[in-house]
1. Largest first and in whole Å, what are the equivalent-ellipsoid semi-axes of chain B based on the Cα gyration tensor, each being the root of 5 times an eigenvalue?
2. How far apart, in nanometres, would the label points at A:Asn4 and B:Asp280 be if each is projected 7 angstrom from Cα along the Cα-to-Cβ direction?
3. Please compute, for peptide B:224-230, the average count of beta-carbon atoms on other protein chains lying within 10 Å of each residue's beta-carbon.
4. Rolling a 1.4 angstrom probe over the protein heavy atoms, how many square angstrom per residue are accessible across segment A:114-238?
5. Could you work out how far apart the two model spin labels at B:His243 and B:Asp32 are, taking each label as a point 7 Å from the Cα in the direction of the beta carbon, and quote it in nm?
6. I'd like the accessible area for B:Glu183: 1.4 Å probe, protein heavy atoms, all chains in place, Å² to the nearest 10.
7. Please express the Cα-Cα pair-distance distribution P(r) of segment B:1-150 as a list of whole percents, one per 10 Å bin, running from 0 to the bin with the greatest distance.
8. Sort B:Ser273, B:Ser176 by accessible area with a 1.4 Å probe, largest first.
There are 2 protein chains.
Amino acid sequence: MKGNTVFKRSYNRALDLLAGREAGAALPSESDLAQALDVSRTTVRAVLAALGEAGIVARAEEDGGPARRRLGRRPGPGDYFPDTQTLSAGAAVERRFMEWILQGDFRAGQLLNAAELARQFGTSTTTIREHLAQFQHFGLLERRPNSAWLFKGLTPEFANEIYDVREMFELRATRSFVELPEESEPWCELLAIEAEHHALLANIDTEYPSFPQLDERLHRVIHETTDNRFIIDFYDIISTIFHYTYQWNKVDEKQRNTTALMEHLDYIEALRSRDQRAIDTRCRKHLRTARATLLRSIADGPFSLDTLPPGAAS
Amino acid sequence: MKGNTVFKRSYNRALDLLAGREAGAALPSESDLAQALDVSRTTVRAVLAALGEAGIVARAEEDGGPARRRLGRRPGPGDYFPDTQTLSAGAAVERRFMEWILQGDFRAGQLLNAAELARQFGTSTTTIREHLAQFQHFGLLERRPNSAWLFKGLTPEFANEIYDVREMFELRATRSFVELPEESEPWCELLAIEAEHHALLANIDTEYPSFPQLDERLHRVIHETTDNRFIIDFYDIISTIFHYTYQWNKVDEKQRNTTALMEHLDYIEALRSRDQRAIDTRCRKHLRTARATLLRSIADGPFSLDTLPPGAAS
DNA sequence: AATCTGTTTTTAATGTAAAAAAAACAGCGC
DNA sequence: GCGCTGTTTTTTTTACATTAAAAACAGATT
């Protein structure tokens, strides 16, 4: 009735924590583990019990005192739960739904029904309903009361609408960003991000796949200085959309990432100059490129799981 | 297991439709009624059956032919279901939740739990969960996974954040609005709205309570010209927030509405001049007033259901 | 007193079931 | 063939049940 994904995820993370220790070493207290794994002590106890079953932790029965736990054997790769089982039912629905969209399994204007999706995704209608509501927020679905859901499509209109708002919000965010003092936390983060840009460019041939994570950090640190929940929420939407499109659209990836890195450096330079005019120019230029990339992805879609050979783009 | 609010609402609306007819008149076909009431024929049939029970429609048993329905007696006020029963469980939760917020039953930072709310609101946790998610979208709630909901409060910060975004969006919307030709649908609507402003001002002493509906029409027609789902969605949030605050904050209502009407007329004049500079000035001025009104309401809160006597404001 | 573990109580996540509403199907009269 | 009503099938809405996880409680040891 309720999945135990929290348990499985915690179990795997506990194995990671224990991997570095010698056999026979005493374990941290339940409370400390709970804090380290970011779950309740109840879950920690379930994990420890399972680790006991697996022979990974043993209990030293000291007379009188509380039974301290010790590491029985080093955990191996076979001890882990498969990753597929560590996603909550809800998160799994989100992921699979996004995959279906990107692979073109739904057409724009198509009506989706919850019962059918529940069957296809192997969950209950309750879970489906709860999480389809999220995509309504994304502007990808529209709910028809007492009827089906309308898939509005990952269309060029969608890309343009999301980018029109993004541009307004990001330009506004630069205003609050440049007002912060040099020593403030976001500025330190900006400098760190800039350094990582140089490091990534130096090894672009092998490291280019780590660009998205850097992109996320840069734009997020800027957006978060607004302290405006609506702007930050909206960036969460953008972030999710990108997370998935980045994963599916592999065409020209290295070239695209290199261009974006250079534009980022120009943008960062403008921010450091605190010259509003320059900031607007560089920000707009970068967002224009990013918008074109998304539009291109959509036009080329449906996306493919296979990485196409270089030069295969239309 | 499922409320029959659609049935009750349709029943009441059917009574309205029938009220104007003579006893003995033939009824429209089931399909026509379904279309008129905007529900399925299944519901229409249930309504007709209930109307039959109540003696409001009678079936003329014509030999051979299909049994035509006729109006048995004119419906009276006692035939209606009470309005409280015509809201879907979900809509009822939204309404009650908003009432609780406005009356100060929740404090900012308070943790809410679904089970408790379900008990208080008299519904199931399923319904509560589904609809609390909406308020997350509003920025009023934050969901803690595997834990409670955090009420973030109808605070001055909330008002300022929502108005900062509103200002960006509405100014942007005026850009698309002024690009439309004079004969376009939104412009016709604008002229109609302007005329209604004058009409309302002429009878302000008695008509001022109908201002909110006019306010909604004006701002919505402007926002909708953007054709941007994110901007329009955001206006839906604003609209809901206002719908409830208008209902609860009755202090100085006539004066506030009069001021807003005058500002609207200035704003409309600027739009008609299509002078972007003037539009920005008037729009900003009006939104500044509206923001101050909301801030004042929040500062004075919790709101009261009683209309305070004139001059009782702090 | 603080910290640890064992136990009990609550609450959230999620599947299941039942009723209401929608949609599809079928026959009839014109 | 078209529109109408009667019937059957699907699907949505909503309550409820069950399990995982969190939180509160309680002794025991240092």
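1. Working: eigenvalues 322, 167, 78 Å².
Largest first, chain B gives 40, 29, 20 Å.
2. Taking the simple label geometry, A:Asn4 and B:Asp280 are separated by 6.2 nm.
3. Details: counts 0, 0, 3, 4, 7, 10, 13.
Mean partner-chain Cβ count within 10 Å for B:224-230: 5.
4. Values: 5370 Å² over 125 residues.
Heavy-atom accessible area per residue stands at 43 Å².
5. Label-label distance for B:His243 and B:Asp32, simple model: 3.2 nm.
6. 140 Å²
7. 10, 32, 21, 17, 14, 6, 1, 0
8. Working: B:Ser273 70, B:Ser176 30 Å².
Of B:Ser273, B:Ser176, the descending order of accessible area is B:Ser273, B:Ser176.
The values are calculated or read from the model by the stated rules, or taken from the named source; none is laboratory data. Given the structure is predicted, the values throughout are model-derived calculations rather than measurements. Don't worry about glycine lacking a Cβ; one is built from the backbone with ideal geometry, like all the others, and counts go over all protein chains shown. The accessibility values were calculated without ligands, DNA or RNA, using every heavy atom of the protein model including side chains. Shrake-Rupley method; radii C 1.70, N 1.55, O 1.52, S 1.80 Å.
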